[in-house]
Amino acid sequence: MDIHEYQAKQLLSKFGVNVPPGEVVYQTHEAENILSWLNEDQIVVKAQVHAGGRGKAGGVKVCKGDDEVVKTVDKMIGMNIVTPQTTESGKTVRRVYLEKAYNIKKEFYFCITVDRETGGNTIVYSKKGGVNIEEIAEKTPKEIHKLKISPGGDLLTHHARTIVYNLGLSGKTAKGAQKNILSIYKAFTSLDAALIEINPFAIVENDEIVMLDCKASFDDNALYRQRQVAEMKDENEYDPLELEAARHDLNYVKLDGNIGLMVNGAGLSMATMDIIKYYGGEAANFMDVAGAATPERVAAAFKLIYRDSDVKGILINIFGGMMRCNDIAEGLVNASKEVGLNKPLVVRLEGTNVEMGMEILKNSGFPIKPVETMEEAAQKVVELVKK
């Protein structure tokens with residue numbers, strides 16, 4: 001789960017991380033009250049959307065004077081922002097963040113993320129931070145440093161000293177950076193974060209270390225014990241179909257293709273997406289209904305996929321173990337009755353009671369195409385979608 005920049009900074013500040021003073025606003029008139037207590041000569045106005053690259057898209061403005069701040073807030077709230085990390089339709093700005101502006105002396109990049117290879121965490125950092133960090137990583141990868149923390153391990157003082165040394169810091173600045181790095185790591189582990197990215201991790205006037213921007217993502221599976229984080233979810237930033245899927249405990253991710261997929265098991269889901277691609281199709285979603293779905297859950301998953309206007313055909317690929325094939329078939333037929341099925345539907349079932357399941361589908365009275373193999377299913381749905 002992602003959260004907004006201002007929310008990430010609120011969380012980090014509770015662990016002693018140095019972030020700029022600021023406040024979020026939802027309406028223009030709220031800005032005037034905030035300006036009175038910030039009382040700064042320069043204020044940064046930042047669009048709060050779940051996407052990087054806001055600065056280049058007009059979503060970050062440094063303003064001088066209260067009038068300029070209010071005008072910028074008024075213009076920014078409601079604007080549509082398009083960045084390399086959004087779709088072509090962009091995202092609507094519903095809230096903006098006002099914070100103190102600093103004179104930056106040096107920008108660094110600092111990130112902590114879960115390392116899927118080691119099972120631990122990895123810290124990624126660079127002397128060159130700022131808006132062009134992706135370009136730096138691509139063209140001069142030697143500028144990017146990595147420190148791997150073993151599973152169950154902690155970031156120790158000597159680790160932080162190594163990072164600070166590689167960043168070329170010394171004296172007061174090095175001590176400030178080391179303190180903040182240790183605090184960020186403490187926040188990362190305590191909050192069950194999957195990613196905390198600081199860019200820029202900056203030196204400002206008086207050689208003070210300040211986190212000027214922050215992106216944070218969290219492990220969905222740990223939100224039950226992170227109520228404070230869970231309550232920060234902004235549903236406006238998520239695809240409506242993904243939100244609906246979450247309510248039914250379905251693993252769903254919207255993609256760019258036109259073939260809707262419903263599969264049980266992440267491995268089988270990925271394999272199904274691959275074989276669709278192999279035969280010239282494009283998946284419209286990743287959908288894992290998991291191992292013990294009920295007919296009701298199968299029906300909910302099917303209706304969710306069917307509602308996607310991008311979906312021109314649907315492929316169901318399920319291995320019935322705990323989930324019996326006849327239960328799956330009944331769920332699909334019931335869902336077809338509700339939606340008035342008029343899109344191609346190819347179904348490949350295997351496992352417990354597969355013969356019963358196939359008979360239910362064949363006698364359903366709907367244009368459902370049962371097939372025996374995964375290969376045949378992929379070929380058939382691609383063929384039907386292209387007609």
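Tabulated data for the structure shown
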{"item": "Residues satisfying the stated conditions in the stretch 22-33, i.e. out of contact with any strand residue (DSSP E or B) (no Cβ under 7 Å at 6 or more places or on another chain) and either among the β-branched types (V, I, T) or crowded, with 20+ Cβ neighbours inside 10 Å (or both)", "result": "T28"}
{"item": "Checklist (1) surrounded by fewer than 19 Cβ atoms within 10 Å (Cβ to Cβ); (2) part of a helix (DSSP H, G or I) applied to T72, failing item", "result": "(1)"}
{"item": "Whichever residue in the stretch 301-321 is under 18 Å from K387 (Cα atoms) and out of contact with any Ser or Thr (no Cβ under 9 Å at 6 or more places or on another chain) and, among such residues, is surrounded by the most Cβ atoms within 10 Å (Cβ to Cβ)", "result": "I314"}
{"item": "Subset of the stretch 99-139 (residues that are surrounded by fewer than 16 Cβ atoms within 10 Å (Cβ to Cβ), part of a loop (DSSP other than H, G, I, E, B) and among the β-branched types (V, I, T))", "result": "T118"}
{"item": "Helices (runs of 4 or more DSSP H) wholly inside the stretch 297-387 containing at least 3 residues that are more than 23 Å from M273 (Cβ to Cβ)", "result": "325-339, 354-362"}
{"item": "Qualifying positions in the stretch 178-208 - without any contact (Cβ under 8 Å) to a residue 60 or more places away in the chain and either closer than 24 Å to E134 by Cβ or surrounded by 18 or more Cβ atoms within 10 Å (Cβ to Cβ) (or both)", "result": "Q178, L182"}
{"item": "Residue list for the stretch 140-177, filter: in a helix (DSSP H, G or I), touching a residue at least 40 places away in the same chain (Cβ under 8 Å) and either on the phi > 0 side of the Ramachandran plot or out of contact with any helix residue (DSSP H, G or I) (no Cβ under 8 Å at 6 or more places or on another chain) (or both)", "result": "N166"}
{"item": "Residues (surrounded by 15 or more Cβ atoms within 10 Å (Cβ to Cβ) and charged (D, E, K, R)) located in the stretch 360-387", "result": "K369, K380, E383"}
{"item": "Residues located in the stretch 10-45, provided they are touching a residue at least 12 places away in the same chain (Cβ under 8 Å), in a helix (DSSP H, G or I) and under 25 Å from the mean Cα position of the chain (by Cα)", "result": "L11, L12"}
{"item": "Any chance G291 is assigned to a loop (DSSP other than H, G, I, E, B), of a type outside the set (A, V, I, L, M, F, W, C), modelled with pLDDT of 85 or more and more than 22 Å from L341 (Cα to Cα)", "result": "no"}
{"item": "Lone unmet requirement of (1) in contact with a strand residue (DSSP E or B) (Cβ under 7 Å, 6 or more places away or on another chain); (2) free of Cβ contacts under 8 Å to residues at least 60 places away in the same chain for M232", "result": "(2)"}
{"item": "Filter result (surrounded by 20 or more Cβ atoms within 10 Å (Cβ to Cβ) and touching a Lys or Arg at 6+ places or on another chain (Cβ under 7 Å)) within the stretch 322-343", "result": "A335"}
{"item": "Leading residue by the ranking (farthest from the chain's Cα centre (by Cα)) among those in the stretch 46-67 that are in a loop (DSSP other than H, G, I, E, B) and at pLDDT below 85", "result": "G53"}
{"item": "Qualifying residue in the stretch 268-288 (condition: without any contact (Cβ under 8 Å) to a residue 40 or more places away in the chain, aliphatic (A, V, I, L, M) and more than 30 Å from T352 (Cα to Cα))", "result": "no"}
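One line per residue, one yes/no per condition, for (1) among the aliphatic types (A, V, I, L, M); (2) surrounded by fewer than 17 Cβ atoms within 10 Å (Cβ to Cβ); (3) closer than 19 Å to M211 by Cα:
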| position | (1), (2), (3) |
| --- | --- |
| G16 | no, yes, yes |
| P20 | no, no, yes |
| W37 | no, yes, no |
| V44 | yes, no, yes |
| G52 | no, no, yes |
| V60 | yes, no, yes |
| G90 | no, yes, no |
| Y97 | no, no, yes |
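The values are calculated or read from the model by the stated rules, or taken from the named source; none is laboratory data. All figures in this text were calculated on a predicted structure; none of them were measured in a lab. Ideal geometry is used to build each Cβ from the backbone, glycine not excepted, and the neighbour counts take in all protein chains shown.
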